[in-house]
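The values are calculated or read from the model by the stated rules, or taken from the named source; none is laboratory data. Please read all numbers here as calculations on a predicted model, not as lab measurements. So basically every Cβ, Gly included, is an ideal-geometry build from the backbone, and we count neighbours across all protein chains shown.
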Amino acid sequence: MVKKIGVEKIEEIKKLFLDVFSNEPWKDEWISDEQVTSYVLDIIDNNNSLAIGYYLDTKLVGLCLGTTFNWWQGKEIFIKEFCIDRSLQGKGFGKLFLKELESLLKKDGIEAVTLATDRTFPAYDFYIRNGYQEQKDTAFFVKLLN
């Protein structure tokens, strides 16, 4: 079951987020609970935030954290974080979550989903298999300010 969630679920969100992204293949190194809390709140605690949880029974097993925008082509969501519990990865749960998520987004009038991922991570192939298209004319830039 998918449902919208918010800051009231921050501890559940952080627990799943850390378990997924602190391990292979990402190996994120969060230095403190305060840092993770700030990051999650930056995504989910704004007027145009959209956080959706995927639940099996009462356990949060999937997350979609993003921001919605009104664009000239319609409303869209930029997914900043998407994950599924590590014990369920590779078993079809991510695909089910994505399908239910897309249905919920359509009901909310969201017409497009955008996201970014590294080509070298398994998520890249996951999105391709689920009908997402890499935009050949769009570039994603970064500049480290050290």
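Filter the range 121-146 down to the residues that are closer than 19 Å to LEU65 by Cα and touching a helix residue (DSSP H, G or I) at 6+ places or on another chain (Cβ under 8 Å), then identify the one that is surrounded by the fewest Cβ atoms within 10 Å (Cβ to Cβ). Applying the filter and picking the extreme gives ASN130. Is it the case, given these coordinates, that LEU63 is assigned to a helix (DSSP H, G or I), touching a Cys at 6+ places or on another chain (Cβ under 6 Å), under 16 Å from LEU115 (Cα atoms) and touching a residue at least 40 places away in the same chain (Cβ under 8 Å)? Here the answer is no, as LEU63 does not meet what is asked.
Out of the residues in the range 76-96 that are charged (D, E, K, R) and surrounded by 15 or more Cβ atoms within 10 Å (Cβ to Cβ), which is farthest from ILE13 (Cα to Cα)?
As a first pass, look at the range 76-96 and keep what is charged (D, E, K, R): 76, 80-81, 85-86, 91, 95.
This time we only want the ones that are surrounded by 15 or more Cβ atoms within 10 Å (Cβ to Cβ), so: 76, 80-81, 85.
On the way: GLU76: 23, LYS80: 14, GLU81: 11, ASP85: 11 Å.
Taking the candidates together, the pick is GLU76.
Across the range 16-25, a minimum of one residue is classified as part of a helix (DSSP H, G or I), without any contact (Cβ under 8 Å) to a residue 60 or more places away in the chain and under 19 Å from GLY94 (Cβ atoms). Close contacts from the range 97-120, counting a first residue that is at positive phi and loosely packed, with under 12 Cβ neighbours inside 10 Å and a second that is assigned to a strand (DSSP E or B) and of a type outside the set (Phe, Trp, Tyr), with Cβ to Cβ under 7 Å and a gap of 6+ residues or different chains, come to GLY109/LYS75. If you scan the range 26-47, which residues turn out to be of a type in the set (Val, Ile, Thr) and either surrounded by 15 or more Cβ atoms within 10 Å (Cβ to Cβ) or not in a loop (DSSP other than H, G, I, E, B) (or both)? VAL36, THR37, VAL40, ILE43, ILE44, listed by residue number. Scanning the range 2-26 for residues that are touching a helix residue (DSSP H, G or I) at 6+ places or on another chain (Cβ under 8 Å) and either hydroxyl-bearing (Ser, Thr, Tyr) or modelled with pLDDT under 95 (or both) yields ASN23, PRO25, TRP26.
Results for (1) assigned to a strand (DSSP E or B); (2) at pLDDT below 95; (3) closer than 19 Å to SER22 by Cα; (4) under 14 Å from the mean Cα position of the chain (by Cα), shown as yes or no for each residue.
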position: ALA51; (1), (2), (3), (4): yes, no, no, yes
position: ILE77; (1), (2), (3), (4): yes, no, no, yes
position: PHE97; (1), (2), (3), (4): no, no, no, yes
position: ARG119; (1), (2), (3), (4): no, yes, yes, no
position: ASP137; (1), (2), (3), (4): no, yes, no, no
